[in-house]
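**Q** Just dropping this structure here.
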Amino acid sequence: MAYNTAGTGTPVLLVHGNTGSKLWYEKVMEIEGVRTVAPDMPNFGASGHIAEADIDVYADYLQGFIREMGLPTPLPVVGHSLGGAVAISLTLRYPDLVSRLMLVDSAPLDGLKTPEEHYPVIEMYKNNEELLTQALQAVTPTMDDPVFLERLAKEAMKMNPIAFAGNARALERFDYRGKGAEFDGPVSVIVGEKDVLITREMAEATANEFPAGSLNVLEGVGHSVMAESPETFVTLLKEFLVS
């Protein structure tokens with residue numbers, strides 16, 4: 001798996017979301033006292049394509065990556081959007097690997113349903129960079145960086161074609177309801193008040209699934225705080241690591 005890493009200190013694994021890659025964390029990699037590690041999951045970015053799109057399979061690849069990198073475990077993990085679901089799967093299925101969990105606009109533990117009428121548009125994304133750019137703009141509504149948005153869109157076009165609809169179906173299948181109680185480490189659930197995908201109610205339900213879950217609603221932020229307000233993300237992560 002391709003990855004970026006920066007800094008020295010406490011290692012933190014940063015897991016990107018759908019149509020994403022390590023690039024989404026580019027603006028938050030340099031954090032004093034922290035070693036950030038941001039991989040491209042299979043089917044995304046510069047990593048290879050695999051024959052399926054599945055949350056647990058992505059988590060399996062991440063556990064292999066953690067062990068191959070020799071990262072000290074258990075370690076803090078951050079998951080964004082679909083990456084939140086992957087981080088949840090990793091945490092609950094490989095409890096020796098994760099010490100604490102930050103879920104940023106994460107898919108809920110009962111999955112995320114995409115209306116059937118949206119699938120024809122999703123299929124169009126893989127051959128239409130302009131349309132995909134518009135979709136990415138919708139999930140970063142307060143980001144004022146057109147150059148970075150263009151880079152994110154070009155990176156998104158590298159995604160395995162089967163994963164455009166495949167990832168949405170994978171999120172529909174995802175169901176870890178009632179299993180959050182198995183993890184007693186700190187879980188910080190973050191949601192932007194302008195998020196068009198994840199509601200406050202969904203985020204609150206996610207936080208309530210974990211014994212040590214907490215909810216933080218960010219005003220003036222959409223679905224992607226690491227891209228929209230990098231300074232806020234860095235502050236939240238630093239606070240979480242010492243909480």
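**Q** Sort the following peptides by mean Cβ neighbour count (other Cβ atoms within 10 Å, averaged over residues), highest first: 109-121, 170-182.
**A** Descending mean neighbour count gives 170-182, 109-121.
**Q** Could you list which residues have their amide H under 5 Å from that of Ser99, counting only those 5 or more apart in sequence or on another chain, with H placed in the peptide plane?
**A** Placed amide hydrogens put Leu75, Val77 under 5 Å from Ser99.
**Q** May I pose another question? Using a 1.4 Å probe over the heavy atoms of the protein chains, calculate the carbon and sulfur portion of the accessible area of the chain as a whole percent.
**A** Roughly 49 percent, rounded to a whole number.
**Q** Among residues other than Gly20 whose Cβ falls under 10 Å from its Cβ, what is the net charge (Lys/Arg +1, Asp/Glu -1)?
**A** Around Gly20, the surrounding residues sum to -1.
**Q** Multiply the residue separation of Tyr119 and Asp145 by 0.36 nm, subtract the distance between their alpha-carbon atoms, and state the gained length in nm to one decimal.
**A** Difference between extended and current length: 6.5 nm.
**Q** Collect residues whose amide H, placed 1.01 Å from N in the peptide plane, falls under 5 Å from the amide H of His49; neighbours closer than 5 in sequence don't count.
**A** So His49 has HN proximity to Asn43.
**Q** For Gly192, enumerate residues with amide H under 5 Å from its amide H, sequence gap 5+ or separate chain, H modeled in the peptide plane.
**A** Excluding prolines and chain starts, which carry no amide H, the hits are Asp105, Leu218.
**Q** Here is a further query. Among Asn160, Asn208, Asn127, which one shows the highest mean-square fluctuation when the chain is modelled as a Gaussian network with alpha-carbon springs under 10 Å?
**A** The residue that fluctuates most here is Asn127.
**Q** Still on this structure, I have one more. Could you please state, rounded to a whole Å, how far the C-alpha centre of the stretch 83-115 is from the C-alpha centre of the stretch 178-243?
**A** With the stretch 83-115 and the stretch 178-243 each reduced to a Cα centre, they are spaced 11 Å.
**Q** Sticking with this structure for a sec: Can you work out ³J(HN,Hα) from phi for every residue in the stretch 222-237, in order, using Karplus 6.51 cos²θ - 1.76 cosθ + 1.60 and θ = phi - 60°, giving whole Hz and x for Gly and Pro?
**A** x, 7, 9, 4, 5, 9, 7, 9, x, 4, 5, 4, 4, 4, 4, 5
**Q** Give me the net charge of Asp105's neighbourhood, meaning all other residues with Cβ under 15 Å from the Cβ of Asp105; Lys, Arg count +1, Asp, Glu -1.
**A** -4
**Q** Something else: Is the shape of the stretch 87-240 rounded, prolate or oblate, going by the alpha carbon gyration tensor and its root eigenvalues a ≥ b ≥ c, with a/c under 1.5 for rounded and a/b larger than b/c for prolate?
**A** Cα axes put the stretch 87-240 in the oblate bin.
**Q** So, in nm, how far is label Met69 from label Arg93 when the simple model puts each one 7 Å beyond its Cα toward the Cβ?
**A** 1.8
**Q** Would you mind classifying the stretch 1-110 by shape? Square roots of the alpha carbon gyration tensor eigenvalues, ordered a ≥ b ≥ c; an a/c under 1.5 is rounded, otherwise it is prolate if a/b is larger than b/c and oblate if not.
**A** Rounded, because the longest to shortest axis ratio a/c is under 1.5.
**Q** Which of Ala138, Ala59, Ala163 moves most in a GNM of the chain, Cα contacts under 10 Å?
**A** Ala138
**Q** Near Val217, within a Cβ-to-Cβ distance under 14 Å, what is the net charge of the other residues, with Lys and Arg +1 and Asp and Glu -1?
**A** That works out to -4.
**Q** Is the C-alpha gyration tensor of the stretch 192-243 telling us rounded, prolate or oblate? Criteria: a/c under 1.5 is rounded; beyond that, a/b larger than b/c is prolate, otherwise oblate.
**A** oblate
**Q** Once phi is turned into ³J(HN,Hα) by the Karplus curve 6.51 cos²θ - 1.76 cosθ + 1.60 with θ = phi - 60°, what whole-Hz value does each residue of the stretch 69-79 show in order, with x for glycine and proline?
**A** 6, x, 5, x, 10, x, 10, x, 10, 10, x
**Q** Among the listed pairs Lys113/Lys238; Lys27/Lys154; Lys126/Lys194; Lys27/Lys126; Lys27/Lys158; Lys158/Lys238, give every one whose C-alpha distance is greater than 23 Å.
**A** Lys113/Lys238; Lys126/Lys194; Lys27/Lys126; Lys158/Lys238
**Q** Which residue fluctuates most in the GNM of the chain (Cα springs below 10 Å): Ala165, Ala135, Ala203?
**A** Checking each option, the largest mean-square fluctuation is seen for Ala135.
**Q** Through the Karplus equation 6.51 cos²θ - 1.76 cosθ + 1.60, θ set to phi - 60°, convert the phi angles of the stretch 53-65 into ³J(HN,Hα) values in whole Hz; use x for Gly and Pro.
**A** Values, residue by residue: 10, 7, 5, 5, 5, 4, 5, 4, 5, 5, 5, x, 4 Hz.
The values are calculated or read from the model by the stated rules, or taken from the named source; none is laboratory data. In this text the structure is predicted, and so the values were computed from the model without any measurement. All Cβ positions, even for glycine, are placed from backbone atoms using ideal geometry, and neighbour counts span all protein chains on display. We work out accessible area using only protein heavy atoms, side chains counted, and drop any ligands, DNA or RNA first. Shrake-Rupley method; radii C 1.70, N 1.55, O 1.52, S 1.80 Å.
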